[in-house]
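Novice: Quick one: the structure is below, questions incoming.
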Amino acid sequence: MRIWSKDPILSIVDNLFIKHRSPIFLGYLWNFGVFSFLCLFIQIFTGLFLAMHYIPDTNQAFDSVEHIMRDVNNGWFLRYTHANGASFFFIAVYIHMFRGLYYGSFTNPRQGVWYVGSLILFLMIVTAFMGYVLPWGQMSYWAATVITNMLSALPIVGKSLVTWVWGGYSVGGPTLTRFYALHFLMPMILVVLVFYHIYLLHKSGSSNPIGVEAGMDDKPFYPYYIAKDIFAIILFFIPFAIMVFFYPNTLGHSYNYVPANPLVTPSHIVPEWYFLPFYAILRSIPDKVLGVVAMGFSIVSLAMVPAVQKPNIRSMEFRPISRLFYWWFLHCCLVLGWIGSQLAKYPYVEIGQVATFLYFFYFWVLMPVVIFFENNYGRKNRHRRLLSYTEFGRRK
């Protein structure tokens, strides 16, 4: 024990992962935070080896990816693991955040955990977009052209910023080099934020799924939750391995197996599936500037949940009205993802506009009103029960 207490690093590990106590009611939904950390490690590890063979040049980028797939020993495995790992990373993070919304993991004293997690999500989106451009296929090139052009919507500095990002007056070699450098750098920033996220989580403690702070009903992280996490990781690798070995291109786009050609525009430009809800919000606003603002505000709305929603009862298990609208909101997000993959025409544009309105309506109007009603209605009910118990005691 002297070694653990004297060494500062081992002492931190001891406090965060061994002595740390967690509620006894944590289910497997709480493992998606572990899955997210695991996916980040997989992305960094595979990306490091891919970077050894990738060439960030417009004339050689596509061929270097094909070289990795065909000539490098186990290169196909590294590339498919990296590509599908990004999808599983977003799946784990999205489920992790939706679980946090349902069980009120953003409430006091865990607001900081939620804010840092929202920043991690934003940097993940930026990092994944840059990585999507690197294969330099048709969809990569045109997605880069469309998305980076959105920066021109910013007043005054917009056009200059687009030129700086491109490194010229169109998407080309300088753009690819900059995206490659930033895609290699951003995961390092993500690692720092993830460890800070974990530190804040262990400092305030994991939220209790029953919605109360039950200080007596907890147990040490080791060995109980360590064993549970190891078992869950084994289960996580089963669908991950099936996707990599048997269906590696299911979540990708066939156009990205065609070299980038600035003279040929694809009939339908779509980003990766995990960008589709935000892409649908962007397309739902006719004005370019307002569309960019709405897309950015969609992430801000998610990040500002602790400041807007302050329920007295944390978990939606005991708030049936909030629970009803929560599942309604989840379906709204799925509709946005579906709309983002469709052509920008009737009736998809109209459906996307309605879903976009409902998305913001949920965060800024619906839930604050519902929570205000539940807080006050619950307080009145508790007061009535207290009076009834007092009256019963007097009669007795």
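Novice: If the requirement is being part of a helix (DSSP H, G or I) and modelled with pLDDT of 95 or more, which of these qualifies: Leu185, Leu190, Leu151? It would help to see each step written out before you state the result.
Specialist: Values: Leu185 fails: modelled with pLDDT of 95 or more; Leu151 fails: modelled with pLDDT of 95 or more.
Residue meeting the stated conditions: Leu190.
Novice: Then there is this: Please work out which one of (1) in contact with a Phe, Trp or Tyr (Cβ under 7 Å, 6 or more places away or on another chain); (2) part of a loop (DSSP other than H, G, I, E, B); (3) within 27 Å of Val354 (Cβ to Cβ) is the condition Pro286 fails and give its number.
Specialist: In the conditions (1) in contact with a Phe, Trp or Tyr (Cβ under 7 Å, 6 or more places away or on another chain); (2) part of a loop (DSSP other than H, G, I, E, B); (3) within 27 Å of Val354 (Cβ to Cβ), Pro286 misses (1) alone.
Novice: Inspect region 243-252 for any residue being among the polar types (S, T, N, Q), outside the structural domain of Thr356 (by TED's automatic domain parsing) and part of a helix (DSSP H, G or I) and give the result as yes or no.
Specialist: At the first step, the residues of region 243-252 found to be among the polar types (S, T, N, Q) are 249-250.
Within this subset, residues satisfying the condition of being outside the structural domain of Thr356 (by TED's automatic domain parsing) are 249-250.
Still in the list and also part of a helix (DSSP H, G or I): none.
There is no residue in region 243-252 that is among the polar types (S, T, N, Q), outside the structural domain of Thr356 (by TED's automatic domain parsing) and part of a helix (DSSP H, G or I).
Novice: Is there a residue being in a loop (DSSP other than H, G, I, E, B), of a type in the set (S, T, N, Q) and within 15 Å of Leu276 (Cβ to Cβ) anywhere in region 337-351? Reasoning before the result, please.
Specialist: Taking region 337-351 first, the residues in a loop (DSSP other than H, G, I, E, B) are 341-347.
With the extra rule that they be of a type in the set (S, T, N, Q), the set shrinks to 341-342.
After this cut, where a residue has to be within 15 Å of Leu276 (Cβ to Cβ) as well, the list is 341-342.
So far as region 337-351 goes, yes, one or more of its residues are in a loop (DSSP other than H, G, I, E, B), of a type in the set (S, T, N, Q) and within 15 Å of Leu276 (Cβ to Cβ).
Novice: Continuing with this model, one more query. Condition first: over 11 Å from Thr58 (Cβ atoms) and in a helix (DSSP H, G or I). Now tell me which residues in region 154-177 satisfy that.
Specialist: Passing the criteria: Gly158, Lys159, Ser160, Leu161, Val162, Thr163, Trp164, Val165, Trp166.
Novice: Still on this structure, I have one more. What residue, among those in region 273-330 that are among the polar types (S, T, N, Q) and over 27 Å from Phe25 (Cα atoms), is surrounded by the fewest Cβ atoms within 10 Å (Cβ to Cβ)?
Specialist: Step one: of region 273-330, the residues among the polar types (S, T, N, Q) are 284, 298, 301, 309, 312, 315, 322.
With over 27 Å from Phe25 (Cα atoms) added as a condition, the list becomes 284, 298, 301.
Values: Ser284: 26, Ser298: 19, Ser301: 17.
Step by step, filter region 273-330, then rank; the result is Ser301.
Novice: Find the helices (runs of 4 or more DSSP H) located wholly in region 44-148 whose residues include 3 or more that are outside the structural domain of Phe179 (by TED's automatic domain parsing) and surrounded by 20 or more Cβ atoms within 10 Å (Cβ to Cβ), and list them.
Specialist: Details: elements: 61-70, 75-103, 111-133.
In region 44-148, no matching helices (runs of 4 or more DSSP H) lie anywhere.
The values are calculated or read from the model by the stated rules, or taken from the named source; none is laboratory data. Note that this is a predicted model, so its numbers are computed, not measured. Ideal geometry is used to build each Cβ from the backbone, glycine not excepted, and the neighbour counts take in all protein chains shown.
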